[in-house]
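Worksheet: the structure to be examined is printed underneath.
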Amino acid sequence: MKRTIPVIIVSVVGTVLVLSVFFPPVQTMGEDFSLFFDIIAVFAFFLGGGNLVRIHLVKIYRKRPDWGFSVVTLVGFFVTLLVGLGKLSVTGVTASVTAPDSFLQTIFVNIITPLSSTMYALLAFYVASASYRAFRAKNREATILLIAAFIILLGRTPLGMKLTGWIPEWLSILQIPNLAVWIMNAPNLAGQRAILIGVGLGVVAMSLRLILGMDRTYLGSDND
Amino acid sequence: MIFGKSLYCSFIIIACFFTVATAQNEAVATVDSVGQILPQPPGNIIVADHKYDNGGIIDIAWDRSPDDPLGIDGYNIYRACGDGDFEIVAFVLPGGMESYSFIDDKVERGESYRYKISVISSGGESFSESSVSVRGDWEFFDLDKLNILILGIIVCGSVIGFIFTARAGRKLFIRKISGLEALEEAVGRATEMGRPILFIPGILDMDDVQTLAAITILARVSRIVADYDSKIEMPVSRSLVMTTARETIKNSYLAAGRPDAYYDDMVHYVTDEQFGYVAAVNGIMVRDKPATCLYLGAFFAESLILAETGNYIGAIQIAGTARPGQLPFFVAACDYTLIGEELFAASAYLSGDPKQLGSLKGQDVGKFVAMAAMIIGTLAVTVVSAWQFKFFGWLSDLMYSMFSTN
C-alpha cells in the first residue's frame with residue numbers, strides 16, 4: 001500500500017496535467033494540482049529550516065571542527081527571521097519588509113547582494129581556468145573548438161574588425177566579426193536545438209515511464 | 001465712413017463665424033465642469049470570448065486615445081457583469097501603440113460581461129462607449145494544439161510500442177552512455193579512498209523535470225552506495241527535494257538490506273539562495289574532499305563554480321543537465337557529462353530492465369520524425385525561394401506548422 005498509493009497519485013496527477021494542455025475543461029484541475037504543490041512546498045520549508053537549525057546546533061554542541069561558522073549561520077538565520085517577521089525598521093515597525101528603512105531590506109542590500117555578487121564574480125577566474133583546459137589542441141575536436149573560440153573572442157572585440165576590415169564587401173562573411181556571428185547563429189544554434197529536441201523527447205519518455213508506473217525508482221526501488 | 005464701419009463690422013462677424021465653424025470641424029476638446037480639458041476617449045472597443053479556454057477568459061482590444069502618448073496617464077478597464085454596475089478591473093499604462101489589448105482572466109464561465117475603457121489625464125477621465133455583451137464560454141478541445149497532440153500520440157505510441165516489443169523478448173540496441181557506465185566505478189573509487197560521494201540535484205524544486213530525473217538517478221546511486229557500504233552526502237537548496245531525497249535514499253538502503261546504515265542527515269537543507277548554496281557546497285567540497293562529485297539536475301551560473309572546485313580537489317566528476325547553456329561548462333570541467341536526453345534516460349539505462357530500455361528506443365522515432373520534417377522543410381523552402389512552386393510553399397508551411405504552437 002505504501003508503494004501503490006504514490007504510484008496512483010503520480011499516474012493520476014501526471015495524466016490530468018497532460019490532458020489540461022489540450023482540453024480546456026481540465027485546465028482548472030491542472031492549475032489546482034500546481035497549487036497543491038506550492039502548498040506542500042510551503043510546509044516543507046519549515047522542515048528545511050528546522051533541519052538547518054538542528055544540524056548546526058548539534059555541530060556547536062559537539063564542538064565539531066569549524067563550529068564557529070555554525071554560530072555565524074545560526075545568528076544570521078535568527079536575526080534575519082526576527083527582523084523579517086517583526087518588520088523591524090529604524091523607526092520601529094515598517095509597513096513592508098521591502099521598504100528602504102526596513103532592516104530586512106538593509107540586510108538584503110548590504111550583505112546578501114554583495115556576497116552573491118562576490119560568488120558570481122568568481123566565475124571570471126573559473127572560466128579562465130576551465131577554458132585553459134578545454135582549449136588545449138589535444139585532438140582534432142579540441143583544435144576545432146579552439147579555433148572557433150578564438151574567432152568568437154576576436155569577433156567580439158574591435159581587434160577583429162581591425163584585422164579583417166580590409167576584406168572586400170562581397171567576401172564580408174570572412175571578416176572575423178561576421179564569422180563569429182555565423183558560428184553563433186548556425187553551428188552553435190543548430191547544436192543547441194538538436195539538444196533541446198532530444199531533451200523534449202527524453203522528457204516525454206521519462207514522463208510516460210512514471211505515469212505508467214514502470215519507473216518507480218523515486219520510491220527507492222522498482223520492485224513492489 | 002459709415003459704409004466703411006459697416007464693412008469692418010461685417011468682416012469681424014464673418015471672421016468670428018468662420019473661426020467658430022472651423023473650431024467645430026476640428027476635434028473638439030471636451031471641458032469638464034471645473035474647466036479642465038478632458039482627454040479624448042479611446043475608440044473601437046472589441047470584446048471577444050478567448051479562444052480555446054475553459055470559459056474564464058475574455059479578450060479586450062481598443063484603439064488608442066488621440067491624446068496618447070502625450071498628456072495621458074493610462075487607461076482604466078471597467079467591467080460590468082450582466083446588467084450590473086461597472087467596476088475597475090485593471091489599469092494599463094500608455095505605450096504609444098496604435099491599439100492596446102488586455103486579457104481578463106478573472107471572469108466566470110457562462111456569465112455575460114460588458115466593458116468600457118476610460119482614459120485618464122491630469123484633466124480628468126473620459127469614457128468610451130460600453131462594449132457589446134460577451135459571454136465567457138469554454139471549448140472542449142484546443143484546436144491550436146492539434147499538431148502537438150498528433151506528434152505526442154506518434155511519440156508516445158512509438159514509446160509504448162517499443163516497450164511491448166521489449167516485453168515480447170526482442171533484443172533492442174541501446175548505445176553505450178559512458179557517464180553512466182562510469183557511475184559504479186566512481187562509487188567504487190570513493191569507497192576505496194574512504195571518502196564520501198557528493199550528490200548535487202541542481203537548484204530547482206521537485207516540480208522541475210530535471211530534478212525528478214536527478215532523484216531517479218539518486219535511487220540507483222544510493223543503492224550502489226549502500227551495497228558498497230560507502231557514504232553519500234547531499235546538500236540541497238529546496239526543502240521538498242530534501243524530504244523526497246531522504247525517502248528515496250532510505251528506500252534504497254532498505255532494498256539493499258542496510259536500513260541500519262541510513263541516517264537522515266545524509267541529505268540536509270542549506271538555503272534557497274543560489275550563491276549562498278554554492279558557497280556552502282564549495283565549503284563542503286574543500287573541507288570533506290569527496291572522491292566523487294555528481295551534479296545532476298538543473299543548473300545555472302553555479303555549474304562552473306561547482307565543477308571547477310570539484311576539479312581542484314581532484315574528485316571524479318559526472319554531470320548532467322538539460323540546459324544547453326550550462327553543458328559547455330560541465331564538458332570542460334567534468335570527467336563525464338550526460339547531455340540533455342541522457343539525463344532523462346539514465347534511470348532506465350541503469351535499471352537494465354528491457355521494458356524501460358524499450359522506452360528509450362521509442363524516442364528514436366520522434367527523432368526520425370523531427371529530422372525528416374527538418375530536411376523536407378529545408379528543401380521545400382529552398383525550392384520555393386528559387387522557383388516559386390506553390391506546392392513547396394504549402395509543404396514548407398506544413399512542416400513549420402507541425403512544430404509551432406500559437
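The values are calculated or read from the model by the stated rules, or taken from the named source; none is laboratory data. The structure displayed is predicted, hence computed values, not measured ones. Using ideal geometry, Cβ is built from the backbone for each residue, glycine included, and neighbour counts are taken over all protein chains shown.
Annotations
- On inspection, A:Phe103 fails the criterion of being among the aromatic types (Phe, Trp, Tyr) and either under 22 Å from B:Val241 (Cα atoms) or in contact (Cβ under 8 Å) with a residue 40 or more places away in the chain (or both).
- Residue ranges of helices (runs of 4 or more DSSP H) in segment A:114-224 with at least 2 members among the charged types (D, E, K, R): A:140-155, A:189-211
- Scanning segment B:365-382 for residues that are of a type outside the set (A, V, I, L, M, F, W, C) and free of Cβ contacts under 8 Å to residues at least 40 places away in the same chain returns B:Lys367, B:Gly377, B:Thr378, B:Thr382.
- Scanning segment B:198-220 for residues that are touching a Phe, Trp or Tyr at 6+ places or on another chain (Cβ under 8 Å), β-branched (Val, Ile, Thr) and at the interface with another protein chain (Cβ under 10 Å from one of its Cβ atoms) gives B:Val209, B:Ile215, B:Thr216.
- Subset of segment B:255-267 [of a type in the set (Lys, Arg) and either closer than 19 Å to B:Ile318 by Cβ or part of a helix (DSSP H, G or I) (or both)]: none
- For segment A:58-75, a residue qualifies if it is surrounded by 14 or more Cβ atoms within 10 Å (Cβ to Cβ) and not aromatic (Phe, Trp, Tyr), and the qualifying residues are A:Lys59, A:Ile60, A:Ser70, A:Thr73, A:Leu74.
- With respect to the stated conditions, B:Pro69 fails to be in a loop (DSSP other than H, G, I, E, B), within 18 Å of B:Gly123 (Cα to Cα) and either more than 35 Å from the chain's Cα centre (by Cα) or at pLDDT 95 or above (or both).
- Test result for B:Phe275, free of Cβ contacts under 8 Å to residues at least 40 places away in the same chain, within 19 Å of B:Gln326 (Cα to Cα) and among the aromatic types (Phe, Trp, Tyr): yes
- Any hit, segment A:99-122, residues being over 26 Å from the mean Cα position of the chain (by Cα) and facing chain B (nearest Cβ under 9 Å): no
- Criterion (within 11 Å of chain B (Cβ to nearest Cβ) and over 30 Å from A:Leu145 (Cβ atoms)) met by exactly one of A:Leu201, A:Leu210, A:Leu189: A:Leu210
- Some residue of segment B:256-266 being among the hydroxyl-bearing types (Ser, Thr, Tyr), within 28 Å of the chain's Cα centre (by Cα) and more than 7 Å from chain A (Cβ to nearest Cβ): no
- B:Ser128 more than 14 Å from chain A (Cβ to nearest Cβ) and either surrounded by fewer than 16 Cβ atoms within 10 Å (Cβ to Cβ) or under 30 Å from B:Asp397 (Cβ atoms) (or both): no
- Test result for B:Leu395, within 27 Å of B:Lys145 (Cβ to Cβ) and within 27 Å of the chain's Cα centre (by Cα): no
- Within segment A:165-193, the residues that satisfy the criterion of being crowded, with 17+ Cβ neighbours inside 10 Å and not β-branched (Val, Ile, Thr) are A:Gln175, A:Pro177, A:Asn178, A:Leu179, A:Ala180.
Condition check ((1) of a type outside the set (Gly, Ala, Ser); (2) part of a strand (DSSP E or B)) across all residues:
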residue: B:Ile103; (1), (2): yes, yes
residue: B:Glu108; (1), (2): yes, no
residue: B:Ser126; (1), (2): no, yes
residue: B:Phe140; (1), (2): yes, no
residue: B:Ile150; (1), (2): yes, no
residue: B:Cys156; (1), (2): yes, no
residue: B:Ala166; (1), (2): no, no
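- Qualifying residue in segment B:388-403 (condition: part of a loop (DSSP other than H, G, I, E, B), touching a strand residue (DSSP E or B) at 6+ places or on another chain (Cβ under 8 Å) and touching a residue at least 12 places away in the same chain (Cβ under 8 Å)): no
- Looking only at segment B:317-349, residues that are in contact with a Leu (Cβ under 6 Å, 6 or more places away or on another chain) and more than 7 Å from chain A (Cβ to nearest Cβ) come to 4 in all.
- Candidates in segment B:135-179 are the residues that are closer than 18 Å to A:Leu208 by Cα and among the hydroxyl-bearing types (Ser, Thr, Tyr); of these, the one that is farthest from the other protein chains (Cβ to nearest Cβ) is B:Thr165.
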